[in-house]
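The values are calculated or read from the model by the stated rules, or taken from the named source; none is laboratory data. As the structure is a prediction and not an experimental result, all values here were calculated from the model. All Cβ positions, glycine included, derive from the backbone under ideal geometry; neighbour counts span all protein chains shown.
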Amino acid sequence: MNLVEILLIAVGLAMDAFAVSLAAGASRQSSGMGAAFRLSFHFGLFQFIMPVIGWYTGSGLAGMIADYDHWVAFGLLAMVGIRMIVSGAGSRKKSQAHDPSRGLTLIVLSVATSIDALAVGLSLAMIRVNIWYPSMVIGLVTACLSVVGLRLGGRLGVRFGKHMEIAGGVLLVLIGLRILLAHILELS
């Protein structure tokens, strides 16, 4: 597997993390260098770890997870998205708003956006690719695109305010639906 192939896989896997970072930045609840570091570090770390876990666990676990992994990703993204929609529609002050770059929400988003990477790790094991180099590239690309998404979302959030928080929440729910529908349509 060459670098171009790995980069294409990495960019594809990073798109969910990019979209979540875009939504977090647009909500204006995650801003500054601290939020950028937390999001990019966690998203990159989870995107690095999940292929390694998938590679080491082999196809046995894939069969067990494949039946419900799409439901888990959908549920996690929908939960966070609905919280953002409710927050954006409400009249809460910024100080009371929930920062998606902190705490359990950050971990939930990191897991939800990296579940596909687990399957990639399983696939790489099947074709006997050494997992460390692709996982590092996947993690680094995800971290970089997360910072870009957060910054871009922040610019949009300043311009469009609370509407962007609602749009960000809707975007998370739609990402979850895309994951769910892709799996359901694949079975058809």
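What's the number of the only condition in (1) modelled with pLDDT under 80; (2) assigned to a helix (DSSP H, G or I); (3) among the small types (Gly, Ala, Ser) that Ser91 fails to meet?
Status for Ser91: all satisfied but (2).
I'd like the residue in the stretch 123-146 that is surrounded by fewer than 22 Cβ atoms within 10 Å (Cβ to Cβ), in a helix (DSSP H, G or I) and not hydroxyl-bearing (Ser, Thr, Tyr) and, out of all such residues, is modelled with the lowest pLDDT. Don't jump to the end; show me each part of the working.
First, the residues of the stretch 123-146 that are surrounded by fewer than 22 Cβ atoms within 10 Å (Cβ to Cβ): 123-133, 136-137, 140, 144.
Right, trim to in a helix (DSSP H, G or I) and you get 123-126, 132-133, 136-137, 140, 144.
Restricting the remaining residues to those that are not hydroxyl-bearing (Ser, Thr, Tyr) gives 124-126, 132, 136-137, 140, 144.
Values: Leu124: 80, Ala125: 79, Met126: 70, Trp132: 95, Met136: 97, Val137: 97, Leu140: 97, Cys144: 96.
Among them, the one singled out is Met126.
Against the definition (out of contact with any Asp or Glu (no Cβ under 7 Å at 6 or more places or on another chain) and of a type outside the set (Lys, Arg)), how does Ala26 come out, yes or no?
Details: out of contact with any Asp or Glu (no Cβ under 7 Å at 6 or more places or on another chain): no; of a type outside the set (Lys, Arg): yes.
So Ala26 fails the test.
Quick check on the stretch 19-33. Is at least one of its residues surrounded by fewer than 19 Cβ atoms within 10 Å (Cβ to Cβ) and farther than 23 Å from Val170 by Cβ?
Checked against the condition, which is being surrounded by fewer than 19 Cβ atoms within 10 Å (Cβ to Cβ) and farther than 23 Å from Val170 by Cβ, the stretch 19-33 yields at least one hit.
Residues checked against (1) in a helix (DSSP H, G or I); (2) at pLDDT below 75:
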{"residue": "Phe18", "(1), (2)": "yes, no"}
{"residue": "Gly25", "(1), (2)": "yes, no"}
{"residue": "Gln29", "(1), (2)": "no, yes"}
{"residue": "Ala35", "(1), (2)": "yes, no"}
{"residue": "Leu76", "(1), (2)": "yes, yes"}
{"residue": "Met84", "(1), (2)": "yes, yes"}
